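Working notes, structure below.
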Amino acid sequence: MLNIFRRAIRTGVVTTGYPDTPEPAPPAYRGQVHLHLAACTGDAACARVCPSAAISVEHSPVGGWTWTLDDRRCVFCGLCSEACPTGALSLSNEYELAARKPEDLLTRVTFRAGGTAR
Ligand code: SF4
């Protein structure tokens, strides 16, 4: 028994302080999809290639469009960022995506005609 304590003391602390001290994700980690508002043109290539229908782009008859991401469906494959012709999408390092309500996992951005987000 004493040997176990000695070994534990020699080893030191091997766990991290998460969640009190957040750990950064590895550089190549594929986390939550991030939309760069100024670059989005409403092309909808992201929605067409998304294998899980996590992204939708709805064009308004009066101009403009609404871009919606459903994090409940996203599998973090990165196809949307590869397909976007203007580089408006990237996968961030964000991995803390837990939410209390399903609607909190929806990101919706409405663009006016011409492309300014509101
Ligand atoms: S990362 Fe993949 S699953 Fe997630 S929104 Fe983009 S294309 Fe869809």
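Taken together, the values in this text are just the output of simple stated rules run on the coordinates, not laboratory data. Please read all numbers here as calculations on a predicted model, not as lab measurements. Glycine gets a Cβ as well: all are built from the backbone with ideal geometry, and neighbour counts include every protein chain shown.
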Worksheet entry | Proportion of all alpha-carbon pairs of the chain beyond 16 Å (%) | 67 percent
Worksheet entry | Computed [θ] at 222 nm, helices only, for the chain once each DSSP H run of length n ≥ 4 contributes -39500 (n - 2.57) | -4000 deg cm²/dmol
Response to the item:
Rounded to the nearest 0.05, FRET efficiency between GLU94 and ARG72 (Cβ-Cβ, R0 22 Å) equals 0.90
Worksheet entry | Relative contact order (%) - criterion: Cα under 8 Å, at least six apart; region: region 25-111 | 40 percent
Worksheet item: ALA8 to TYR29: FRET efficiency via 1/(1 + (r/R0)^6), r the Cβ-Cβ distance, R0 41 Å, to the nearest 0.05?
Response: 0.85
Discussion item. Please list, in order along region 19-28, the HN-Hα scalar couplings obtained from phi with the Karplus expression 6.51 cos²θ - 1.76 cosθ + 1.60 (θ = phi - 60°), rounded to whole Hz, x for Gly and Pro.
Written reply: x, 4, 10, x, 8, x, 6, x, x, 8
